[in-house]
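Any read-out appearing in this document is the output of simple, stated calculations on the displayed coordinates, not a laboratory observation. In this text, all values refer to a predicted model and were calculated from it rather than measured experimentally. Every residue, glycine as well, gets a Cβ built from its backbone with ideal geometry; the counts of neighbours run over all protein chains shown.
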Amino acid sequence: MMKRAVFVMVAVLLALALGADAGQGTGRISGTARDAQNRVLANTTVQLRHVDTGQLVATTRTAGDGRFEFTGLNPGNYVVEIVDTDGKIIGLSPSTALAAGGFVSGLAVAASAAGAAAGAGTAFFASTGGILVLAGAGIALTAGVIALTQDASASK
């Protein structure tokens, strides 16, 4: 009976440990931020947004060579946003799908000249409606790519 109780206790502790670890993401997204003239943006704020939920996941600053990295990410679709000193989004990466434990490196994010000059359209990217439109566009693009790459031939 004692062996059985110890076995059950060990099983419960193991399940709790695995459950606690399941919430910790292991994915990573890294890349380089550039301006409209393709020059690196050193010491610039970039933020990561989960496209499916619209939630801001993380914020960091670029290194001297414009590089950034986000770690500990859960699976999902993300965009990287370049933010100016006023907190306005002036650049946006394409929607990027991240698999469980996966990594995306070499992502290029460019600030637009119009975004940097006027901040026009920033409210679109910061709004829930804008994020939903981006998510819909990402889903449509993904569906289109899948449709283009599937081989309908049964002989292959």
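What is the set of long-range amide H partners of A58 at a cut-off below 5 Å, with H atoms built 1.01 Å from backbone N?
Residues meeting the criterion, in which the H sits 1.01 Å from N, are L48.
Taking the Cα of R67, stepping 7 Å toward and past its beta carbon, and measuring to each backbone N in region 35-53: which are under 18 Å?
35, 39-47
Fewest Cβ neighbours within 10 Å first, please rank T85, T62, T26, T45 accordingly.
T85, T26, T45, T62
Using amide H atoms built in the peptide plane, which far-off residues or other-chain residues are under 5 Å from A110 H to H?
Here the answer is R34, L92, since their amide H atoms fall under 5 Å of that of A110.
Taking H placed 1.01 Å from N in the peptide plane, check which residues at least 5 places from V104 or on another chain put their amide H under 5 Å from its amide H.
Under 5 Å from the amide H of V104: R28, I29, S30.
Hey, fewest Cβ within 10 Å first, where do S105, S30, S93 land in order?
S105, S30, S93
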